[in-house]
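This report refers to the structure that appears directly beneath it.
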Amino acid sequence: MWAWKIFGLILLPIALQTSVFHHFNFLGVVPNLVLVITICYGLLQGTSEGLSLGLIGGLCLDLASGGILGINIMILGLLGLGAGYLAKMVFKGNLFVPIISIFAGTIISEFLSYSVLRAFGWRIEFFSLLFSSMFPLCFYHLLLTGPVYIGLLKVLSYYRQRVKVGA
């Protein structure tokens with residue numbers, strides 16, 4: 001069953017991100033579906049599952065992007081862990097929680113990426129990144145949060161019900 005989770009939660013979104021959503025870019029940005037799914041999954045499943053999905057998703061995203069290996073592993077692992085930790089303190093049925101979490105996670109992700117790339121000598125102006133990438137990406141992720149969170153909630157509740165009946 002874990003292989004189906006990896007396919008459905010990581011490989012399929014990476015394929016969609018690199019092929020389909022590339023044509024539907026908003027102000028020149030493509031959404032990071034793995035980030036959205038990792039945070040939503042961490043909020044629904046907890047720390048260990050959020051961390052695991054973040055690390056595996058980050059590795060797959062790093063391998064698919066061809067950039068500096070380890071940036072997405074670190075960022076998505078931390079975001080999955082943080083979302084899983086937050087899951088212990090919040091009500092999971094409230095849609096406002098994942099919206100705020102995705103917004104904060106996108107800003108944290110972009111800021112950490114910017115910091116690591118600057119440390120490696122890339123010349124990126126912060127305000128240029130802020131207005132050309134971070135704000136449109138936050139808006140795009142906020143549009144995707146509702147459908148992704150509700151879809152994951154339904155799939156996970158169906159899976160729990162199926163396991164409960166089959167046990």
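The values are calculated or read from the model by the stated rules, or taken from the named source; none is laboratory data. The model shown is predicted, which means the values in this text are computed figures rather than measured ones. Backbone-built Cβ (ideal geometry, glycine too); neighbour counts: all protein chains shown.
Considering 115, 157, 132, the condition of being under 15 Å from residue 75 (Cβ atoms), among the polar types (S, T, N, Q) and within 22 Å of the chain's Cα centre (by Cα) is satisfied by 115 alone. Pairing residues of the stretch 95-114 that are of a type in the set (Ser, Thr, Tyr) with residues that are surrounded by fewer than 16 Cβ atoms within 10 Å (Cβ to Cβ) and not in a helix (DSSP H, G or I), at Cβ distances under 8 Å and at least 6 apart in sequence or on separate chains, gives 114/124. Name the single residue that is surrounded by the most Cβ atoms within 10 Å (Cβ to Cβ) among those in the stretch 64-80 being among the β-branched types (Val, Ile, Thr) and out of contact with any Ser or Thr (no Cβ under 9 Å at 6 or more places or on another chain). So the residue we want is 73. The residue list 42, 46 contains one member that is small (Gly, Ala, Ser) and more than 13 Å from the chain's Cα centre (by Cα), which is 46. Of all residue pairs spaced 6 or more apart or on separate chains, those with beta-carbon atoms under 6 Å, a first member in the stretch 7-33 that is modelled with pLDDT of 85 or more and surrounded by fewer than 20 Cβ atoms within 10 Å (Cβ to Cβ) and a second member that is assigned to a loop (DSSP other than H, G, I, E, B) and of a type outside the set (Ser, Thr, Tyr) are 30/21; 30/22.
Beta carbons closer than 9 Å, at least 6 apart along the sequence or on distinct chains, pair a first residue in the stretch 140-153 that is more than 18 Å from residue 50 (Cβ to Cβ) with a second that is surrounded by fewer than 18 Cβ atoms within 10 Å (Cβ to Cβ) and aromatic (Phe, Trp, Tyr) for 140/26; 142/103; 143/26. Out of all the residues in the stretch 59-69, is one or more among the small types (Gly, Ala, Ser), within 13 Å of the chain's Cα centre (by Cα) and closer than 21 Å to residue 114 by Cα? Within the stretch 59-69, not a single residue is among the small types (Gly, Ala, Ser), within 13 Å of the chain's Cα centre (by Cα) and closer than 21 Å to residue 114 by Cα.
The one condition from (1) surrounded by 21 or more Cβ atoms within 10 Å (Cβ to Cβ); (2) hydrophobic (A, V, I, L, M, F, W, C); (3) not in a helix (DSSP H, G or I) that residue 61 does not meet is (3).
When 83, 87 are checked against the criterion of being over 23 Å from residue 16 (Cβ atoms) and surrounded by 20 or more Cβ atoms within 10 Å (Cβ to Cβ), 87 stands alone in meeting it.
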